[in-house]
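Reviewing the structure listed below.
Where a number appears in this text, it was derived from the coordinates with a stated rule and is not lab data. Quick caveat, the model's predicted, so the values are computed rather than measured. Quick reminder, even Gly has a Cβ in these numbers, built from the backbone with ideal geometry, and neighbours come from all protein chains shown.
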Amino acid sequence: MHFRLLSAIAIQRVPRRILLIAAFLFCAVIVKANGQNAGATPAARNHPVMVTRLYTGSDGQSHIDQLPLEFHGAPDEVSAAEEMSSAYLARGAPGMFETSHVTRRKRYIVVISGAAEVRTTDGEKARLVPGHLYLTEDMTGKGHTFRVLGNQEWVALFVDFAQ
């Protein structure tokens with residue numbers, strides 16, 4: 001995606017401050033997606049946290065599905081640790097549209113504000129809105145389009161996996 005960067009260049013080592021911000025925002029998305037609060041019962045925590053995944057299928061087409069994020073441990077559950085290489089903020093102006101493309105790197109996307117839509121070449125759609133976690137890994141194939149919806153700019157945190 002071709003967005004204006006709001007912070008450090010993504011290829012460089014990530015400053016600890018950005019990783020802490022990324023971790024905070026990731027946790028905020030998980031809590032909001034779960035509808036939990038500090039006094040949630042263990043039963044309430046067992047509701048799955050869903051991740052919208054954009055990936056390339058064996059047919060060479062991009063596809064969208066929903067996966068539960070797995071948590072382990074008690075009493076406080078955590079997901080598996082992943083090695084990440086960079087984190088940066090990006091924004092798109094209202095109405096911005098990108099033609100069909102693939103993602104350059106496997107990454108999590110945490111939307112901060114605004115709304116956008118991803119559409120695969122076979123017509124599947126996903127809305128990228130605050131309060132949900134997205135995983136993009138369609139690095140080959142025919143790709144997807146991207147459009148900022150509404151009259152508000154779209155701002156998101158991109159957290160790239162180490163390769």
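Let me see the pair-distance distribution of segment 80-141: every alpha carbon pair, 10 Å bin width, integer percents in order.
Pair shares across the bins are 17, 53, 28, 3.
Regarding segment 111-163, what are the three Cα extents along the principal axes, ordered largest first, in Å?
Dimensions of segment 111-163 along the principal axes of its Cα atoms: 31, 29, 15 Å.
Quote the FRET efficiency, to the nearest 0.05, computed for Ala115 versus Asp65 with a Förster distance R0 of 22 Å and r equal to the Cβ-Cβ distance.
0.65
Which order do the peptides 137-145, 97-105, 55-63, 74-82 take when ranked by the mean count of other beta-carbon atoms within 10 Å per residue, highest first?
Values: 137-145: 18.2, 97-105: 14.4, 55-63: 16.0, 74-82: 9.2.
Top to bottom by mean Cβ count within 10 Å: 137-145, 55-63, 97-105, 74-82.
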